[in-house]
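One structure below.
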Amino acid sequence: MNIIVNGENKNVSNDNMKEAMNELGFKELKCATALNGNFISVDDREFTTLKEGDKIEVLSPQQGG
Amino acid sequence: MKKFYGVEIESPLMLGTAQYPSPSILISCFKKSKASVATVSLRRESSASDSGNNFWSIIKELNVRILPNTAGCHTVKEAVTTAHMAREIFNTKWIKLEVIGEEDTLQPDVFGLVEASKILSDDGFEVFPYTTEDLVVADKLLNAGCKVLMPWGSPIGSGQGLNNIFGLKALRSHFPDIPMVIDAGIGLPSHATRAMELGFDAILLNTAIAKAGDPVTMAEAFSYAILSGSLGKEADPMEPRDMAVPSTPIFGKAFLDD
């Protein structure tokens, strides 16, 4: 299934968001997610089903003013 | 010092974490400035780089309170979603809420700001709204649930200082009990001193220290400047006069004319 992660096209075999995140290499990272512009908490990822073309934002702590 | 959502911070300086020449200089600047709050952000993570976790390990060692921002958000939805992501990552209800309305000045979209403040306050966030000195907007933000205001001194990153002293004084006197932080536009230590002398409760800055030729020395300068302004306000300054008044007593002066 093709999805867009942080603006880049990615192909994942899992339609479960938690599994897809693991597949993409984010398993061990401190990061927050949004799906199609809506916040998805860490706990909700395993109950979220992805579909073709979904857009995921994966954000982590960065410098800010 | 006034409390920010029930929290008494140790020093009235909130310092940004961006644009420093190196992580070690960032750490030194926090120590020298005595900042008690660090502002941080969220950005896209690459699974390969893990830059977020590396940065976060540095910030945790500063042992300061964390104020995440929604920098770069231009819509209510963007800002609200980013705030939720920040609350999960940083484990804090505090959010520095930015809803930018105009690119050249990075002026806040005050209509979106009020709307987002209401949504987030109702959801348990403790909102620090980046706003202008407009009294009506300030009143609407307070009605939306904000218990702190963060008026700009001048546009973000401009270093222009306090552009509208009259407006800021009016805001300060109109809401004397509301904790207020001057956020954005501070370029020199004297700007921070002036803001504290006007009765503001804290200063939030970043570029003035991070982009100075010697950031660590500038950080120390700001710590003295903010302390100076704060003590000056506390000491109840004299009223300015239109005419000169001699400070040396006239009584006992010699008469030396012929």
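Rule-based calculations on the coordinates, nothing more; no lab input. All of these numbers come straight from a predicted model, not from anything done at the bench. Ideal geometry is used to build each Cβ from the backbone, glycine not excepted, and the neighbour counts take in all protein chains shown.
Annotation: the residues B:HIS174, B:HIS191, sorted from fewest to most other C-beta atoms within 10 Å of their own C-beta, follow the order B:HIS174, B:HIS191. Principal-axis analysis of the Cα atoms of chain B puts helix B:51-61 at an angle of about 40° to the longest axis. For B:LYS3, project a label point 7 Å along Cα to C-beta. Then give me every residue of region B:57-75 with its amide nitrogen under 20 Å of that point. Answer for region B:57-75: B:64-67. Computed across region B:119-246, the Kirkwood hydrodynamic radius from all distinct Cα-Cα pairs reaches 15.5 Å. Under 5 Å between amide hydrogens, built in the peptide plane, is the criterion, and for B:GLY101 it picks out B:GLN107, B:ASP109 among residues at least 5 positions away or on other chains. Around the amide H of B:GLU133, modelled in the peptide plane, lie the amide H atoms of B:TRP152, all under 5 Å away and 5 or more residues distant in sequence or on another chain. Rounded to the nearest whole Hz, the Karplus-based 3J(HN,Hα) values (6.51 cos²θ - 1.76 cosθ + 1.60, θ = phi - 60°) of region B:104-110 follow the sequence 5, 9, 6, 5, x, 7, 5, with x at glycine and proline. Among the trypsin sites (Lys or Arg not before Pro) within region B:204-258, those in coil by DSSP and having at most 15 neighbouring Cβ atoms inside 10 Å are B:ARG241, B:LYS253. Of the trypsin sites (Lys or Arg not before Pro) found in chain A, the ones in coil according to DSSP and having at most 16 other Cβ atoms within 10 Å of their Cβ are A:LYS27, A:LYS51. Across the alpha-carbon atoms of region A:3-65, the computed radius of gyration and Dmax are 11.3, 38 angstrom. Taking the fewest neighbouring Cβ atoms within 10 Å as the starting point, the ordered list for B:LEU15, B:LEU171 is B:LEU171, B:LEU15.
Need the C-alpha centroid separation for region B:115-156 versus region A:1-63, integer Å. With region B:115-156 and region A:1-63 each reduced to a Cα centre, they are spaced 31 Å.
Among B:TYR130, B:TYR224, the ranking by other beta carbons within 10 Å of each residue's beta carbon, starting with the fewest, stands as B:TYR224, B:TYR130. Summarise the long-distance tail of P(r) for region B:81-158 by giving the % of C-alpha pairs beyond 22 Å. That tail contains 20 percent of the Cα-Cα pairs.
Let me check I've understood the local charge: for B:ALA212, count other residues with C-beta under 15 angstrom from its C-beta, Lys and Arg +1, Asp and Glu -1. What total comes out? My count for the surroundings of B:ALA212 gives 0. Each label was represented as a point 7 Å from its Cα along the Cα-to-Cβ direction; for A:GLU28 and B:LYS147 these points are 4.1 nm apart. Using only alpha-carbon positions in the protein assembly as shown, the gyration tensor eigenvalues give semi-axes of 45, 21, 15 Å once each is multiplied by 5 and square-rooted (largest first).
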